[in-house]
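Working notes, beginning with the structure itself.
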Amino acid sequence: MKKTHIILIVIIAVAIGAILTTLNNTSTYASFQEAKDSPDNEFHIVGKLDKEKETIYDPKVNANLFTFYMRDNKGTESKVVLHKNKPQDFERSEQIVLIGKMQMNGNEFHASEILMKCPSKYNDGKPQEDK
Amino acid sequence: MEYVGEHLGVGKVGNLFVIFSFVFALLASISYFFAAKENDESASWKKIARITFRLHGISVIGIVVSLFIMLQNHYFEYEYVWHHSNKAMPMRYILSCFWEGQEGSFLLWTFWHVILGLILQRTSKNWEAPVMATISLVQAFLASMLLGVFVFEHRIGSNPFTVLLREHPDFSNIPLFGKPDYLEKLDGRGLNPLLQNYWMTIHPPTLFLGFASTVVPFAYAIAGLWKKRYSEWVRPALPWAFFGVMILGTGVLMGGAWAYEALSFGGFWAWDPVENASLVPWLTFVGAAHVMLINRNSPQSLFITFLLPILTFLLILYATFLTRSGILGESSVHAFTDLGMSGQLLIYLLFFVFLAIVLIAINMKNFPRNKEEEGLWSREFWMFVGSIVLLVSSFQITFYTSMPVWNKLFDLHRAPAKDVVAFYNTWQLPFAVITLLLIAVGQFFKYKHTDLNVFIKKMSYSFIASLIFTAFISYSLNYFNKPFYALLLFAAVFATIANADYILRVLKGNVKKAGASISHIGFALMMLGVLISTSKKDFISQNTSGKSVESLGKEFSNNDNILLTVGDTLTMGKYLVTYTGKRYEGINIYFDVDYFTKNNDGTLKKEFSLSPLVQTNPRMGNIAEPDTRHYLTFDVYTHVTYADLESLQAKKKESLDEYDKAKNFPMKTGDTIFSSNAIIILDSLSTKFNKTNYHFSKDDIAVMAYLRVLDITKKYTATPIFVIHNNNIQPLSSKVDPLGLQFSFWKIDPQNGKIEISLQEKKENTRDFIVMQAMIFPYINVLWIGCIIMIIGTILAIMERLRTMKINEKNK
C-alpha cells in the first residue's frame with residue numbers, strides 16, 4: 001500500500017468523523033410543546049416576546065436572572081427564565097431564539113442562551129423628515 | 001410630479017459606467033480567450049483584449065468616483081446614499097459608508113481585481129491571455145451584480161445608482177415626498193453606529209484585497225489546465241499566492257482585533273459563520289501556497305497542486321454566497337440581508353465549480369505520473385501532509401458552518417450546538433498540534449531524502465529545550481491535568497524554538513532568506529497567545545449579590561456579571577472597583593469605573609479607570625462597546641451588559657425633586673430600618689413634647705416618634721407626629737432634607753406595641769447602577785506580536801522569491 005493511500009484513508013476517516021460529530025452536536029429547532037414532552041433535552045425555540053405580559057429584571061437582586069413570556073411559532077406561550085442579564089434593547093426584538101430546557105413540570109422554560117433579531121439594525125426604515 | 005433639486009446627472013453617468021464595466025469585461029474575456037489560442041489572429045485579439053480590459057478598469061473607477069461624489073454631497077435622492085449615510089455623520093467615515101452596503105463592497109472587490117489585472121497585464125508575459133481571460137470573466141460576473149436590470153421579470157444585480165423614489169413608489173404616500181422640494185428636508189438613515197470607527201475604514205479594503213488576490217493563483221491554475229502546461233504555471237503564480245496569504249491573513253486578523261477592541265463579543269474569535277467564511281479560504285490558501293512550493297522542487301501530486309488554489313477561490317465565492325444570500329439568517333449576527341441576488345450568486349458559484357471540475361477531469365489522465373513515490377523522510381512529503389491537514393481542518397469548519405445550507409437542502413431543522421465555540425475548539429486543537437509539529441520539523445527535512453541520523457541530531461537541541469520550557473510553563477499555568485493544552489503548548493513552543501534555531505544555525509542569521517522561518521515563528525507565537533489567553537481567560541466579574549443562581553441547577557451558573565451601584569466599592573478579582581458615574585458625549589454614554597488595589601497598609605491605590613460605553617441609537621438599537629486596559633502580560637477587558645437606559649431617559653424629563661412612592665415599616669422602639677442611603681432607628685415615642693410650635697386643639701391626640709437617621713458621616717433626627725384631630729388621622733411628617741428623606745407616622749397598633757412609619761425617598765436617591773462583565777486575558781500580546789511577525793516573515797519570503805525570479809531571468 002502506498003503512503004498516499006494511507007493518507008487518503010486517514011482523511012476519509014477524519015472527514016466522516018467530522019460529519020458525524022457535527023450531526024450529533026446539533027440540537028433541533030422546536031416548539032414549547034416538544035420541549036415539554038422531553039424535559040431532559042435541550043432545544044432551540046424560536047418565537048416572539050409577549051409584550052402584553054410583564055418582564056421582570058431586578059439586577060439588584062440577581063443580575064443574571066430575567067423573566068418574560070414568549071410565544072413560540074406554533075402559538076404556544078410559556079414563561080421563560082433566562083439565566084443571563086437582560087439583553088440591551090430587549091423590547092425591540094422582533095424574533096427571539098432561546099436555547100434551554102423545560103423545567104418546573106413544563107411550566108417554565110429555562111434558557112441559558114438568547115439570540116435576538118432586531119429589525120432595526122439592517123432593515124429599511126422609512127424616510128423621515130429632517131428636524 | 002416634477003421634483004426640485006434632484007441631481008440625476010451623476011447617477012446617469014454612474015449607470016452608464018456600470019453597463020460599460022459589464023460589457024467591456026465580457027468583451028475582454030472573449031478577446032483574451034481568442035488571444036490565448038495562439039494562432040495568426042491571436043496578436044490582434046490580444047490588442048483588443050488589452051484595450052477592452054483597460055476600458056473596463058476605467059469604467060469601474062468611473063463607478064467608484066460617481067458613488068463618491070454622491071456620498072460626499074449627500075445626494076439623498078439616491079437610495080444607496082440615503083441608506084448608508086446622513087448629514088450628521090463625520091466625513092471621515094465616508095469610506096465606511098461606501099462599502100457598508102452590498103453594492104459598495106462588490107465594487108471594492110471589483111476594484112481590486114482591476115488593479116491586480118492591470119499589474120498582470122504588465123508582468124504575466126506569455127501567461128497574460130489565458131490568465132486574463134479567466135479574470136475578465138470573473139469581472140463580468142461581478143459587474144453583473146451591479147447591473148440592476150430586469151431580464152424576464154427577474155432582476156439581475158443591485159444598482160447603487162437607484163433613485164429612492166423610483167425604487168420605492170410606495171414612499172410617495174409619505175407626506176414628505178408629496179412636496180416637489182422633498183430633498184430640502186430629507187436626511188439619510190445613517191451609517192450603523194457599530195461601524196463608525198477606524199476599523200471599518202481599514203478592515204474591508206484589506207480583506208477584500210485578500211479575497212481578490214485569490215483570483216490570481218486560480219486563474220493561473222485554470223490557464224495551466226487549459227493550455228496543458230501542468231507545472232509551468234506554478235512559478236509565476238507562487239509570489240501571488242504568498243502575497244494573497246499575507247493580505248488575506250492580515251484582513252482576517254484585523255477582523256479579530258476589531259472584534260476584540262470594539263465589539264462586545266467577549267473575545268477576538270467567536271467562530272461566527274462570517275468569520276469562518278474568511279478563515280477557511282485562508283487555510284486552504286496557505287495549503288495551496290505550500291503545495292505549489294513543493295511542486296517547484298519536485299513536480300509531484302499535481303492533482304492537489306491544482307485543487308488547492310482552485311478550491312481557495314471557489315471557497316471565496318462560497319463565502320460570498322453564504323454571507324450575502326441571507327441564508328445564515330439566524331446563525332450569524334453580521335451577515336448581510338438578502339438583496340434578492342441569492343440565485344445570481346449561486347449561478348456564479350456553480351459556474352466556476354463546474355468549470356473547475358470539468359477542466360480537472362479532462363486533464364487528470366494526462367498528468368505525468370511519477371513511478372517513484374516521494375520518500376518518507378523528504379521535506380515535500382511532510383509539507384504535503386501539512387497541506388492535507390489544513391484541508392481537512394477547513395473541511396470540518398465548512399461543514400459545520402454550512403448547517404443552514406444543509407437545513408435548506410435536505411429540509412432538516414438542526415440548530416447549532418449550544419456551545420459552538422467549544423465544539424470548534426475541540427476539533428481544531430489536534431489539527432493545530434499536527435500543523436505546529438510539522439512547522440517545527442519541516443525545514444530540517446531536505447528535499448528528496450534526509451539522513452535521519454543528521455536530522456535527529458539537529459532536532460534534538462530544540463526538542464529538549466522545548467520540553468523543559470513546556471514543563472516550566474505547564475507548571476505555572478497548571479496544565480498538567482489538561483494534556484491537550486499541554487500538547488498544544490509543547491507544539492507551539494517547539495515550532496518557535498526549532499525555527500529560531502534554523503535561522504541561527506542553518507541560515508546563519510541571514511534574515512533575507514529567513515522569511516519562511518520567521519512567518520512560522522509568528523504563526524507558532526500566535527497559537528501560543530490563542531492558547532494561553534483563551535484557556536486562562538478569567539471572568540473576574542462575579543455575581544456578589546446575595547441570591548445564588550446555583551440553586552437553580554449547575555448548568556445555569558453563568559455567574560459572570562457583576563452589579564455595580566454608583567459609589568459602592570466591590571471586590572473583583574484582585575481589584576476593588578467603584579462605579580463613579582456616567583458621562584454623556586454625543587450619542588455615547590460612558591460608564592466610568594475606577595480600579596484600585598490594596599496597599600500593604602490597607603489603603604487603596606488607584607490603578608486605572610475604564611469607561612466601557614453604550615452607543616445609543618434610537619433607529620438601529622443601542623450597542624455596548626468594551627473598554628480594555630492593556631498591560632504587557634495581560635489585558636483587563638470590560639463591557640456593560642445592562643444599564644437601565646429607559647428609566648434614565650425618563651428620569652431626565654421629570655423632576656428629580658419629587659418623592660418616590662412611600663414604603664411602610666411596622667416598628668417597635670429600638671427597631672432599625674434602611675433607606676437607600678441611611679440607617680434609621682426608632683429611639684422612642686412620646687406624648688410629652690414641646691407643643692408650642694404646633695397648633696393642636698385641646699382634644700387632639702398627638703404622639704411624636706423620635707427617629708435617629710445615620711448616614712456614613714452624620715447623624716440627623718426626624719420627628720414625625722401622629723395626630724388624631726376630630727377622629728381623623730392627620731399626621732405631621734418630618735423631613736431630612738440633606739438625605740432626601742421624608743417620614744410620616746401613620747398608625748399605632750396597641751395590640752402588639754408597634755407603630756407604622758412610612759418612608760419616602762426622593763427620586764434622585766435611587767442610585768444609578770450598571771451590570772458589567774470583566775475578564776482578564778493573559779498574554780494576549782503574544783498573539784498580536786505573533787500576527788505581526790507572521791506578516792513580516794511572509795513579506796520577506798515574497799521579496800526573496802521575487803529576487804530569485806529576477807536573477808533566474810537574467811541568467812536565461
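What to note about this one:
- Considered as a group, the residues in the range B:397-420 that are of a type outside the set (A, V, I, L, M), within 7 Å of another protein chain (Cβ to nearest Cβ) and free of Cβ contacts under 8 Å to residues at least 12 places away in the same chain include one that is nearest to A:Ser112 (Cα to Cα), and that residue is B:Lys418.
- Qualifying residue in the range B:765-773 (condition: more than 26 Å from B:Thr633 (Cα to Cα), surrounded by fewer than 17 Cβ atoms within 10 Å (Cβ to Cβ) and at pLDDT 85 or above): no
- Residues of the range B:675-713 that are in a loop (DSSP other than H, G, I, E, B), modelled with pLDDT of 75 or more and under 60 Å from the mean Cα position of the chain (by Cα): B:Ser675, B:Ala678.
- Taking the range B:231-287 as the range and being within 29 Å of B:Asn197 (Cα to Cα) and outside any helix (DSSP H, G or I) as the test, the residues that pass are B:Leu263, B:Ser264, B:Phe265, B:Gly266, B:Gly267, B:Phe268, B:Trp269, B:Ala270, B:Trp271, B:Asp272.
- Test: residue in the range B:712-733 that is in contact (Cβ under 8 Å) with a residue 40 or more places away in the chain, farther than 30 Å from B:Gly249 by Cα and surrounded by 16 or more Cβ atoms within 10 Å (Cβ to Cβ): no
- Search result, residues across the range A:43-64 that are at pLDDT below 80 and either buried (at least 16 other Cβ atoms within 10 Å of the Cβ) or under 12 Å from the mean Cα position of the chain (by Cα) (or both): A:Pro59, A:Asn62, A:Ala63, A:Asn64
- Those residues of the range B:587-628 which are more than 17 Å from B:Val577 (Cβ to Cβ), away from chain A (no Cβ under 14 Å) and acidic (Asp, Glu), in sequence order: B:Asp601
- Complete set of residues in the range B:642-674 that are part of a strand (DSSP E or B) and either out of contact with any Pro (no Cβ under 8 Å at 6 or more places or on another chain) or modelled with pLDDT under 70 (or both): B:Ala643, B:Tyr659, B:Lys663, B:Asn664, B:Phe665, B:Pro666, B:Met667, B:Thr672, B:Ile673, B:Phe674
- Residue within the range A:17-40 that is β-branched (Val, Ile, Thr) and either exposed (fewer than 12 other Cβ atoms within 10 Å of the Cβ) or more than 11 Å from chain B (Cβ to nearest Cβ) (or both) present: no
- The residues on offer are B:Leu467, B:Leu452, and the sole one that is free of Cβ contacts under 8 Å to residues at least 40 places away in the same chain, in contact with a Phe, Trp or Tyr (Cβ under 8 Å, 6 or more places away or on another chain), away from chain A (no Cβ under 11 Å) and more than 25 Å from B:Leu314 (Cα to Cα) is B:Leu467.
- Within the range B:257-303, being closer than 30 Å to B:Phe367 by Cα, surrounded by fewer than 20 Cβ atoms within 10 Å (Cβ to Cβ) and at pLDDT 85 or above holds for one residue alone: B:Phe303.
- Evaluation of B:Arg379 against (1) at pLDDT 80 or above; (2) surrounded by fewer than 17 Cβ atoms within 10 Å (Cβ to Cβ) (one fails), failing number: (2)
- Check on B:Ser42, more than 29 Å from B:Leu350 (Cβ to Cβ), of a type in the set (Gly, Ala, Ser) and surrounded by fewer than 23 Cβ atoms within 10 Å (Cβ to Cβ): yes
The values are calculated or read from the model by the stated rules, or taken from the named source; none is laboratory data. None of the values given here were measured: they were computed from a predicted structure. When we count neighbours, we look across all protein chains shown, and the Cβ atoms used for this are built from the backbone with ideal geometry, even at glycine.
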